[in-house]
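Notes follow the structure.
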Amino acid sequence: MGFIANMVSLVIYFSYRLCFDVAPAANTLTNLMGTTFLLSILGGFISDTYVNRFKTCLIFGTIEVLACAMMTYQAHNPNLLPKEPCLKAVNGMEGGMGLYFYTSLCLLAVGVGGVRGALPALGADQFDARDPKEAKGLASYFNWLLLSTVSGALVGVTIIVWVATNPNNKNWWIGFLVTTIGAFLGYTCLAFGSPFYRIQVPGGSPLVRIAEVIVVAIKNRGLSPPGSHNELYEINEKDAEFAETKIAHTEQFKWLDKAAILGENTEAVQWKVCTVTQVEEVKVLTRMLPIIGSTIIMNTCMAQLQTFSIEQGYIMNPHLGNFRVPASSIPAIPLLFMVLLIPIYDRVFVPFVRRFTGHPNGITQLQRVGVGLVLSALSMAAAALVEVKRKHYSLKNPLKPISLFWLSFQYGIFGIADMFTLVGLLEFFYKEAPAGMKALSTSFTWISLSFGYFLSSIFVEVINSVTKKITPSGLGWLHGKLLDYNNLQLFYWFLSILSVLNFFNYLFWANWYKYKTDHHHHHHHRKAEGEAEAAPQSMSMSGVPFLKTAAAGEDASKASENGGGATPGPAEGN
């Protein structure tokens, strides 16, 4: 609720209260968003390696609440704000005022990013992939996760934004205060659910496992490959009973297979040989990289809807009858679409399409992402056409601007695109990830968002610099504070064309991608619902078993000891 409200209103706060110029205001927001989503990998890594996902969410959630409180205090304290009215546009804030401002933004990025890296995987952990009934619910979980997110966002971009940007009172600090309280209540609710969560014990560092495969493959580069992949090293049946899954061998990236060659007179220990499953984990992550890269442009397009499109709306006719609609509330249109469409998609579209495709989700995750990429290109084309119309009428008669609701075309199309792509990526990265890297892999979705925001900042700077040199006026497409004398529509066309080219790039990599195949082992049966099979971390070659705790605050090792019927493993692992 609060994060999305900030995402769509901060550009106005930067421009009209902190006196930023148009481009610096947009870039400050996109840099903040980019850093936030980039830091999601920190939350994913910590929750996979050191602290369980539940505790990771609470730790980073506390940081987020602190950041929101700092922003509230600054917006309320005139000594920490520039003098009004803004007589001169600036590129940033300086001195003690600037230090406080940028510290609060950095803490916000760390807190929100860390939670986003761990929270989706925490929810997905509640579904056991080995239970067909629970596994079927996993796809719906990601749809409902998005539904709850957009429902909160809908409140944020209507009520919170209206309170913060109302010209009669300009209560920015009240908007930030509501954000702070909302975040606090959300994490309190999360904490109260602790007795019911299925907690996954953090395993060894995924980065160490990846590095081990690469190092051993390089060491073994001179060894001849075996005649069959069945001769590659894998954990034996005795050890396999403690591993949740083994990953089947694939033919891609064969040079990595050399890490699984056990040389003559070589002991099967770490950093000497890796299992096929361990090698395949690295292959899976490597295959994901082009998919991440192919979705960056779409997120660059989304950044424009949270920056330039908001600034467009600020100079359009905001009235719906006698009611004044804040420009920052226009994203409510796609959010409303999504609130209505997500249940229809999950309960109607998926079962209908499943009859023809036989796929549990109706269409594959990568097909779902592809639909979103096409729609994002259409959204930028719609944005360009609307900007041409807006500018024409504004220059013709500045006192009679066109309605703010013309922006609903670009927002509505992109909202549907986001519904397809975001859920598709979250489910894709979670399902395809190795068992011990679920949170880290899920955070790849946010990495794509992060790079999209950073790329937006780069595009704005580069295009301004290049067009400044080639235009007759000597001004860049996105110069100054007055959009009527900019060429924002050309920037939108640029992104639309780039999105079309990117879609064909995505098609190539989506067809090239080979889905992971798991071999599940059921050597032990659970004695009761919620009972988990546990083993020491040194024994886990492809992941960490699930543990259902009586209280989420239990130490991981204690939970492992009380796993309920779990067979203890040997003292030494592979």
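Points worth noting:
- Solvent exposure, largest accessible area first (probe 1.4 Å, DNA, RNA and ligands not counted), of Val155, Val279: Val155, Val279
- Cα-based helix-to-principal-axis angle, 444-470 vs the chain, degrees rounded to 10: 40 degrees
- Each Lys or Arg adds one and each Asp or Glu subtracts one; over the other residues with Cβ under 14 Å from the Cβ of Ala303, this totals -3.
- Count Lys and Arg as plus one, Asp and Glu as minus one, and take only other residues whose Cβ is under 14 Å from that of Asp257; the net charge is then 0.
- The calculated FRET efficiency for Cys189 paired with Leu289, based on their beta-carbon distance and R0 = 35 Å, is about 0.45.
- Extension gain, Phe196 to Leu320, is 40.1 nm, computed as 0.36 nm per intervening residue step minus the present C-alpha separation.
- Relative packing of 504-513, 256-265, which averages over residues the other C-beta atoms within 10 Å, highest first: 256-265, 504-513
- Taking every protein chain into account, the 1.4 Å probe leaves Thr35 with about 50 Å² of accessible area, to the nearest ten.
- As a calculated quantity, the FRET efficiency between Gln270 and Gln367 at R0 = 30 Å, using C-beta atoms, amounts to about 0.15.
- Per residue, the accessible area of the chain comes to 43 Å² when a 1.4 Å probe rolls over the protein heavy atoms.
- Extending 7 Å from the Cα toward the beta-carbon at both Leu395 and Val466 defines two label points whose distance is 2.3 nm.
- The peptide list 303-312, 222-231, put in order of mean Cβ contacts within 10 Å with the highest first, becomes 303-312, 222-231.
- The range 132-208 versus the range 394-446: alpha-carbon centroid distance in Å: 17 Å
- Entries in Lys55/Lys514; Lys136/Lys438; Lys83/Lys400; Lys83/Lys391 that, when Cα-Cα distance is taken, lie over 29 Å: Lys55/Lys514; Lys83/Lys400; Lys83/Lys391
- Accessible surface of the chain, 1.4 Å probe, proportion on carbon and sulfur as whole %: 65 percent
- Protein-only accessible surface at a 1.4 angstrom probe places the residues Lys400, Lys55, Lys438 in the order Lys400, Lys55, Lys438, largest first.
- C-alpha long axis of helix 296-305 to longest principal axis of the chain, angle in °: 30 degrees
- When each of the peptides 364-375, 124-135 is scored by the mean number of other C-beta atoms lying within 10 Å of its residues, the order from highest to lowest reads 364-375, 124-135.
- Available extension along the chain between His76 and Ile402 is 114.0 nm, counting 0.36 nm per residue and deducting the alpha carbon span.
- Compared with the dominant Cα axis of the chain, that is its longest principal axis, helix 95-124 is turned about 40°.
- Taking all protein chains together and a 1.4 Å probe, the residues Arg354, Arg198 rank Arg354, Arg198 from largest to smallest accessible area.
The values are calculated or read from the model by the stated rules, or taken from the named source; none is laboratory data. Fair warning: this is a prediction, and the values are worked out from it, not measured in the lab. When we count neighbours, we look across all protein chains shown, and the Cβ atoms used for this are built from the backbone with ideal geometry, even at glycine. Side chains included, ligands, DNA and RNA excluded: accessible areas come from the protein's heavy atoms. Shrake-Rupley method; radii C 1.70, N 1.55, O 1.52, S 1.80 Å.
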